[in-house]
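FYI, it's all coordinate maths here, none of it is from the lab. Just so it is clear, the model here is predicted, and its values are computed rather than measured. Virtual Cβ from ideal backbone geometry, glycine too; neighbours counted across all protein chains shown.
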């Protein structure tokens, strides 16, 4: 009798595995934002059954692009998860990012992640995928990571994470984010560590344009060669706004410009005008916050491909990671054991799209006189290092803009 039961159980398991292998994986997207994770997973062949997002401008975008997908308005009132293969949770970074309040994982916004673990108590997805800022590896001596890892292990999950740079997908945006994958039944290392490439050599980047944040200048520039610095939901000054670009060979008045929101959308991997639907309920500036909070589509597409087709990984170089140690850029663990992994920030190296091949400099708006002078003044008072040519370009741009204002 026991042998017969085992044979039947084996046949059922095989049928279930075949079913999973032949049908698209299904997704429930929590903290969905404007759907960067879900769009990437969709590109990898998955189907989204549920989206959960509270902010009205983001809801407008989701309703426009995912009209046939159920949309719940608040994770605090979501009682159960649907029967899906993948649960995603790009939870708020407001309390974790350097541009935010840095109140930590238990802050009012980032602390919403606790609702994910409440939902997982009664759900059995094959995979859980989390995304958030690099700063959570270091903030409060890694308290956020300790909380995430401990909660997943309490629920019986094996976990892994890897810091990646969005530029590996070919977009000209230097954006480093932690991708965290967990499973009760699978090995997340086969997703996150199956691919390894070296960072693109500096010689591959052009020297005709440099991105920077004009809202900084005291302690940093956000300097990026042939790329934008990280698009952010809000700046250090609390301004949801674009970075600026120094176009090296341009004339004064055109040498310091700001990209359009459509440029930013493309540099996050979205189709241009993806967030236009938000204008139905919000002012145009909100689109910068929507895009800055999003997950780069190419990153989630890479994760999606590996979720559907896990690969092999090299175990050499893994070192045990004692509790209380600084969190490395890649690690995995279960049942209280933790291992660091020597993985780069570049799992792949896709064809690169140069900054000025996406931006139309002729259509870009010049940085305003007020913004330029404010940034320039802070820069001169700082101890930051920067090219003298950049300082001169700022000075000439301010003089040009002052003349234009005087003429008006």
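Choose one answer from 42, 318, 268: the residue with the largest mean-square fluctuation in a GNM of the chain with alpha-carbon springs under 10 Å. Answer for the Gaussian network model of the chain: 318.
Against the chain, whose longest principal axis comes from its Cα atoms, helix 297-308 is set at around 10 degrees. A full extension of the chain between residue 76 and residue 225 corresponds to an added length of 49.5 nm, given 0.36 nm per residue minus the alpha carbon distance. Counting only alpha carbon atoms, the long axis of helix 2-22 and the longest principal axis of the chain meet at about 20°. Counting every other Cβ atom within 10 Å of each residue's Cβ, 179, 261 order from fewest to most as 261, 179.
Bridges between two residues of the chain, per DSSP, are antiparallel at a rate of about 65%. Normalised radius of gyration (Cα atoms, divided by 2.2 N^0.38 Å) for the range 310-408: 1.90. Annotation for residue 138 and residue 396: the two label points, set 7 Å from Cα along the Cα-Cβ direction, are 3.5 nm apart.
The calculated FRET efficiency for the pair residue 381 and residue 203, based on their C-beta separation and a Förster distance of 45 Å, comes to about 0.85. As a proxy for reagent exposure, 206, 167 were ordered by neighbouring Cβ count within 10 angstrom, fewest first; the result is 206, 167. Please check: in the Gaussian network model of the chain (C-alpha springs, under 10 Å), which one of 51, 116, 384 has the largest mean-square fluctuation. Among 51, 116, 384, the largest mean-square fluctuation in the Gaussian network model of the chain belongs to 384. Once Rg and the Kirkwood radius are both taken over the C-alpha atoms of the range 187-340, their ratio Rg/Rh works out to 1.05.
May I ask for the angle, rounded to the nearest 10°, between helix 388-407 and the longest principal axis of the chain, with both axes built from Cα atoms and the value confined to 0 to 90°? It is inclined by approximately 60 degrees. Between residue 218 and residue 326, the distance separating the two model label sites (each 7 Å from Cα on the Cα→Cβ line) works out to 2.5 nm. With a point put 7 Å past each Cα toward its Cβ, work out how far residue 121 is from residue 368 in nm, to one decimal. That separation, rounded to one decimal, is 4.9 nm. Among 155, 120, sorting on how many other beta-carbon atoms sit within 10 Å of each Cβ, with the fewest leading, yields 155, 120.
Note on the chain: with a GNM built from Cα contacts shorter than 10 Å, the maximum mean-square fluctuation among 275, 190, 88 falls on 190.
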